[in-house]
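Engineer: Please find one structure pasted underneath; my questions will follow.
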Amino acid sequence: MTNSYLSSIIKLFEYYKSLGEKTFEQLNDEDLFWMYNENSNSIAIIVKHLWGNMLSRWTDFLTTDGEKEWRERDAEFDNDVSNRKELIDKWNEGWTCLFTALNSLQETDLQKIVYIRKEAHSVTDAINRQFAHYAYHVGQIVFLGKMIQNNQWNSLSIPAKKR
């Protein structure tokens, strides 16, 4: 792996961040809190979970376990984000923490060992693990946005041909 890996993975994270933001732009405030049923998550809850995960994983990334003692994972799924501003603030705080950590890495850091829940990972494996996790949840955000917007949804990629 070279620094091209770091710049490539940063661009991928930026792309997924932008997909979430383009989804938020298509939704009104109430839509961000819509839940399919009582057992599902709203976009706001998913954002809150991403925020908690990002702060835990990327704070002191090279030197402390990615599952911080101060993290309250279960509380991330409480439906207590109150408005769009709070949601966007959490979204941005999480991504800022991630990008600060990634931008501080050097090529020589990629083979170092970091821990997540006391399990050893190379830095590259830890980054890839988090990328997969965030892409999964951003996909959920986009899918919820498409469900909510229905025929008013503006595709974030190549739109399907009209029949």
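Engineer: Could you please tell me which pairs satisfy a Cβ distance under 9 Å, a separation of 6+ or placement on different chains, a first residue in the stretch 137-161 that is among the aromatic types (F, W, Y), and a second residue that is loosely packed, with under 13 Cβ neighbours inside 10 Å?
Structural biologist: Going by the 9 Å Cβ cut-off, the qualifying pairs are W153/M147.
Here is a yes/no grid of residues against (1) at pLDDT 95 or above; (2) of a type in the set (A, V, I, L, M, F, W, C); (3) surrounded by 13 or more Cβ atoms within 10 Å (Cβ to Cβ); (4) closer than 23 Å to M35 by Cβ:
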| residue | (1), (2), (3), (4) |
| --- | --- |
| R84 | yes, no, yes, yes |
| A120 | yes, yes, no, no |
| A126 | yes, yes, yes, no |
| A135 | yes, yes, yes, yes |
| I148 | yes, yes, yes, yes |
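Engineer: Right, another one. Considering (1) in contact (Cβ under 8 Å) with a residue 24 or more places away in the chain; (2) surrounded by fewer than 19 Cβ atoms within 10 Å (Cβ to Cβ); (3) not β-branched (V, I, T), say which one E38 fails and leave the rest.
Structural biologist: (1)
Engineer: Go through the stretch 62-85 and give me each residue that's assigned to a loop (DSSP other than H, G, I, E, B) and more than 23 Å from I127 (Cα to Cα).
Structural biologist: Across the stretch 62-85, the qualifying residues are D78, N79, D80, V81, S82, N83.
Engineer: Okay, next question. Is it the case that some residue within the stretch 42-60 is within 22 Å of R129 (Cα to Cα) and more than 15 Å from the chain's Cα centre (by Cα)?
Structural biologist: Yes, because at least one residue in the stretch 42-60 is within 22 Å of R129 (Cα to Cα) and more than 15 Å from the chain's Cα centre (by Cα).
Engineer: If F99 passes every condition in (1) touching an Asp or Glu at 6+ places or on another chain (Cβ under 9 Å); (2) in contact (Cβ under 8 Å) with a residue 60 or more places away in the chain; (3) outside any loop (DSSP other than H, G, I, E, B); (4) more than 18 Å from K11 (Cβ to Cβ) but one, which one does it miss?
Structural biologist: Tallying (1) touching an Asp or Glu at 6+ places or on another chain (Cβ under 9 Å); (2) in contact (Cβ under 8 Å) with a residue 60 or more places away in the chain; (3) outside any loop (DSSP other than H, G, I, E, B); (4) more than 18 Å from K11 (Cβ to Cβ), F99 fails exactly one: (4).
Engineer: So W34 passes all but one of these: (1) modelled with pLDDT of 95 or more; (2) closer than 30 Å to L105 by Cα. Which condition number does it fail?
Structural biologist: Looking at each condition in turn, W34 falls short on (2).
Engineer: Now for a different question. Residues that are without any contact (Cβ under 8 Å) to a residue 12 or more places away in the chain and either surrounded by fewer than 17 Cβ atoms within 10 Å (Cβ to Cβ) or not aliphatic (A, V, I, L, M) (or both): does the stretch 41-52 have at least one?
Structural biologist: Checked the stretch 41-52: no residue is without any contact (Cβ under 8 Å) to a residue 12 or more places away in the chain and either surrounded by fewer than 17 Cβ atoms within 10 Å (Cβ to Cβ) or not aliphatic (A, V, I, L, M) (or both).
Engineer: Can you name the residue in the stretch 22-35 that is without any contact (Cβ under 8 Å) to a residue 40 or more places away in the chain and assigned to a helix (DSSP H, G or I) and is also nearest to I158 (Cα to Cα) among such residues?
Structural biologist: E25
Engineer: Here's a follow-up. In the stretch 108-130, how many are assigned to a strand (DSSP E or B) and either in contact with a strand residue (DSSP E or B) (Cβ under 9 Å, 6 or more places away or on another chain) or within 12 Å of I9 (Cβ to Cβ) (or both)?
Structural biologist: Counting residues in the stretch 108-130 that are assigned to a strand (DSSP E or B) and either in contact with a strand residue (DSSP E or B) (Cβ under 9 Å, 6 or more places away or on another chain) or within 12 Å of I9 (Cβ to Cβ) (or both) gives 6.
Engineer: Sort out which residues of the stretch 94-133 are more than 17 Å from the chain's Cα centre (by Cα) and among the basic types (K, R), and write them in order of number.
Structural biologist: Correct list: K112, R117, K118.
Engineer: Being closer than 28 Å to E67 by Cβ, more than 12 Å from the chain's Cα centre (by Cα) and of a type in the set (F, W, Y), is that true of even one residue in the stretch 2-15?
Structural biologist: So far as the stretch 2-15 goes, yes, one or more of its residues are closer than 28 Å to E67 by Cβ, more than 12 Å from the chain's Cα centre (by Cα) and of a type in the set (F, W, Y).
Engineer: Against the condition surrounded by fewer than 19 Cβ atoms within 10 Å (Cβ to Cβ), in a helix (DSSP H, G or I) and in contact with an Asp or Glu (Cβ under 9 Å, 6 or more places away or on another chain), how does I88 come out, does it pass?
Structural biologist: When the stated conditions are applied, I88 passes them.
The values are calculated or read from the model by the stated rules, or taken from the named source; none is laboratory data. Just so it is clear, the model here is predicted, and its values are computed rather than measured. Neighbour counts run over all protein chains shown; Cβ positions are idealised from the backbone, glycine included.
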